[in-house]
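The structure under discussion appears below in the form of structure tokens.
The values are calculated or read from the model by the stated rules, or taken from the named source; none is laboratory data. Keep in mind the model is a prediction, meaning the values are calculated, not measured. Here the Cβ positions follow ideal geometry from the backbone for every residue, glycine too, while neighbour counts run over all protein chains shown.
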Amino acid sequence: MPQDLRVVLEEWKRLEEEHQQLLETHRLYLQKLEEISKLQKNCSSSISSQRGRLKDVSRLVKKCSKGPSEEDAKTLDEINEKIKTRPNALSEMEAFLPNKNGLYLSLVLGNVNVTLLSKQSKFGYKDEYEKFKLYLTVILLLFSFICYFFASYRFLDAILNFVLVWYYCTLTLRESILIVNGSRIKGWWVFHHYISAFLSGVILTWPDGNLYKIFRNQFLAYSLYQSFVQCLQCYYQSGCLYRLRALGERHNMDLTVEGFQSWMWKGLTFLLPFLFFGHFWQLFNSISLFRMSQLPDCKEWQVLMCGLCFLILFMGNFFTTVAVVRHKVKSRNQKPKKL
Ligand code: COA
């Protein structure tokens with residue numbers, strides 16, 4: 001047998017053996033996948049049955065709590081305390097099981113599973129979301145800068161607004177996926193991005209008349225400022241994320257949390273004046289647009305619509321931010337200092 005053919009046969013034999021091994025590993029992998037999907041179904045149905053039974057038990061406890069002896073009352077109190085903490089524990093378990101998509105995700109993506117099944121991949125996704133926001137914000141900042149200082153063309157403004165529409169739509173999708181994966185993003189921030197997408201869409205259709213030219217610079221300066229604040233916000237939020245990851249635990253925090261808390265408060269007190277200034281700029285935009293809509297030569301519906309959007313943005317942002325800060329202050333005061 002020629003030497004070359006022998007080499008080919010030997011190589012082929014080795015390849016065959018490796019292929020058999022691969023087949024076996026893959027069969028094992030499929031078997032494990034099936035086992036995992038069975039376990040997931042089991043856990044999900046146990047969780048929903050536990051939820052139902054918890055409700056039944058708490059109803060029974062309420063019934064029993066009329067006039068029990070001191071010892072029985074103590075036992076009932078203990079059960080009550082445990083019942084209160086159980087829903088949180090169940091929700092934390094649920095965060096690692098396939099969840100149903102909400103209406104928006106079902107409409108856009110269909111019935112595909114978007115639940116990430118490990119803490120690492122959840123952090124990774126959030127991290128990537130923050131990076132995406134930061135990169136796009138820097139691009140938008142540069143774009144607004146060019147439009148404001150160097151290039152006063154309607155078609156460039158249109159591109160800027162189109163990028164804004166695309167950016168906000170993408171954020172709504174990514175945030176819905178984050179929420180399915182256990183993020184505590186307030187509903188307002190997602191709604192904020194729907195309104196911002198709509199607002200940029202309306203500005204995109206605003207004809208290039210006198211009124212557009214009057215508002216243009218104010219809007220571009222606002223876009224510049226907003227991008228700048230969003231860069232600060234991204235820095236703050238990524239900082240929170242990295243520190244939380246370093247802590248290892250997301251929601252149950254204790255001793256080492258003090259360091260995180262102090263960093264968060266430093267970041268927040270630095271960020272808040274910029275945020276509130278931005279909110280009042282939104283109010284200012286809305287007042288300017290309402291005034292403009294009163295002018296006799298104002299024929300464009302976009303003026304009033306944009307004014308309304310800015311007003312809604314101002315109210316939602318302002319009141320939600322105040323509520324978030326109030327909640328943080330309250331929980332800081334309630335938490336006993338452990339250091
Ligand atoms: N957009 C997207 N996600 C947000 C968000 C926002 N504006 N504000 C908070 N979140 C997310 C957080 O990342 C966190 O997610 P996680 O559960 O996956 O970790 C969750 O919501 C809960 O955050 P919370 O602890 O309530 O707030 P925070 O400390 O992360 O941020 C603020 C607090 C005030 C800094 C933040 O809400 C904020 O920047 N708000 C102002 C936004 C604004 O007004 N923009 C317009 C500027 S002109």
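Within the range 298-307, is there a residue that is at pLDDT below 95 and exposed (fewer than 14 other Cβ atoms within 10 Å of the Cβ)?
Within the range 298-307, one or more residues are at pLDDT below 95 and exposed (fewer than 14 other Cβ atoms within 10 Å of the Cβ).
Looking for something within 25 Å of S118 (Cβ to Cβ) and either assigned to a helix (DSSP H, G or I) or modelled with pLDDT of 90 or more (or both) - is there at least one such residue anywhere in the range 67-77?
Taking the range 67-77 and keeping what is within 25 Å of S118 (Cβ to Cβ), we get none.
Scanning the range 67-77, I find no residue that is within 25 Å of S118 (Cβ to Cβ) and either assigned to a helix (DSSP H, G or I) or modelled with pLDDT of 90 or more (or both), so the answer is no.
Which of the residues belonging to the range 100-133 are surrounded by 14 or more Cβ atoms within 10 Å (Cβ to Cβ), farther than 14 Å from V180 by Cβ and of a type outside the set (D, E)?
The answer is K119, F123, F132, K133.
Here are some residues: L140, L136, L171, L117. Which one is in contact with a Lys or Arg (Cβ under 8 Å, 6 or more places away or on another chain) and either more than 16 Å from R216 (Cβ to Cβ) or in a helix (DSSP H, G or I) (or both)?
That would be L171, the only listed residue that is in contact with a Lys or Arg (Cβ under 8 Å, 6 or more places away or on another chain) and either more than 16 Å from R216 (Cβ to Cβ) or in a helix (DSSP H, G or I) (or both).
Give the residue that is farthest from K131 (Cα to Cα), with candidates limited to residues of the range 171-205 that are among the β-branched types (V, I, T) and away from the ligand (no atom under 13 Å from the Cβ).
T205
Can you confirm whether R291 is exposed (fewer than 14 other Cβ atoms within 10 Å of the Cβ), in a helix (DSSP H, G or I) and more than 16 Å from the ligand (Cβ to nearest atom)? Reasoning before the result, please.
Values: exposed (fewer than 14 other Cβ atoms within 10 Å of the Cβ): yes; in a helix (DSSP H, G or I): yes; more than 16 Å from the ligand (Cβ to nearest atom): yes.
Judged against the criteria, R291 is a match.
Across the range 324-333, which residue is nearest to S196 (Cα to Cα) among those that are at pLDDT 90 or above and near the ligand (Cβ under 9 Å from one of its atoms)?
Applying the first criterion (at pLDDT 90 or above) to the range 324-333 yields 324-327.
If we keep only those that are near the ligand (Cβ under 9 Å from one of its atoms) as well, we get 324-325, 327.
On the way: V324: 21, V325: 23, H327: 26 Å.
Step by step, filter the range 324-333, then rank; the result is V324.
V229 is checked against (1) of a type in the set (V, I, T); (2) under 20 Å from L141 (Cβ atoms); (3) more than 16 Å from the ligand (Cβ to nearest atom) and fails just one. What number does that condition carry?
(3)
Can you tell me how many residues within the range 44-99 are among the hydrophobic types (A, V, I, L, M, F, W, C), under 19 Å from N181 (Cα atoms) and free of Cβ contacts under 8 Å to residues at least 12 places away in the same chain?
Residues in the range 44-99 being among the hydrophobic types (A, V, I, L, M, F, W, C), under 19 Å from N181 (Cα atoms) and free of Cβ contacts under 8 Å to residues at least 12 places away in the same chain: 1 in total.
Given the structure, is Q233 modelled with pLDDT of 95 or more and surrounded by 14 or more Cβ atoms within 10 Å (Cβ to Cβ)?
Answer is no for this residue.
Any residue at all in the range 203-210 that's hydrophobic (A, V, I, L, M, F, W, C), within 16 Å of the chain's Cα centre (by Cα) and in a helix (DSSP H, G or I)?
The answer is no; no qualifying residue exists.
For the range 247-259, does any single residue satisfy the condition of being at pLDDT 90 or above, within 12 Å of the ligand (Cβ to nearest atom) and over 21 Å from K133 (Cβ atoms)?
No, every residue in the range 247-259 fails to be at pLDDT 90 or above, within 12 Å of the ligand (Cβ to nearest atom) and over 21 Å from K133 (Cβ atoms).
L22: more than 21 Å from A95 (Cβ to Cβ) and of a type in the set (A, V, I, L, M), yes or no?
The answer is yes for L22.
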